[in-house]
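FYI, it's all coordinate maths here, none of it is from the lab. Quick caveat, the model's predicted, so the values are computed rather than measured. Note that we place each Cβ from the backbone using ideal geometry, even for glycine, and neighbour counts take in every protein chain shown.
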Amino acid sequence: MVCFWGSGFLYRSNSRPRRTTPLFAHMESALAKLSKSARSKIPGSKFAGPGRSFPVEDKAHAEAAIMDSKYAKNPGAVKAKARAALKKMGKRK
């Protein structure tokens, strides 16, 4: 049996690809999480995406928005707004 590792998938020569742990699993606890009530208290200007998606009110959320911007309909715009928020906070990435 031959195994290949890449992009978070484990490929075995005699089986279908199966999802393994994400490459950034160790960072999961570092990423900020919001409750529904906390998210509703954030002003609309503190979101990088449409429909109050991708909050950027602090460094952890802005960095998470940059990493997850590939899931947005317009990833370039989300990434630009998140980077601008980091720059405004003085924590440029």
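If you filter segment 36-71 for trypsin sites (Lys or Arg not before Pro), then keep DSSP loop positions with at most 15 other Cβ within 10 Å, what is left? Loop-located and lightly packed - Lys41, Arg52.
The convex hull built on the alpha-carbon positions of segment 23-89 has an orientation-averaged projected area of 4.7 nm². Taking every C-alpha pair closer than 8 Å and separated by at least 6 residues, the mean separation divided by the residue count of segment 23-89 gives a relative contact order of 26 percent.
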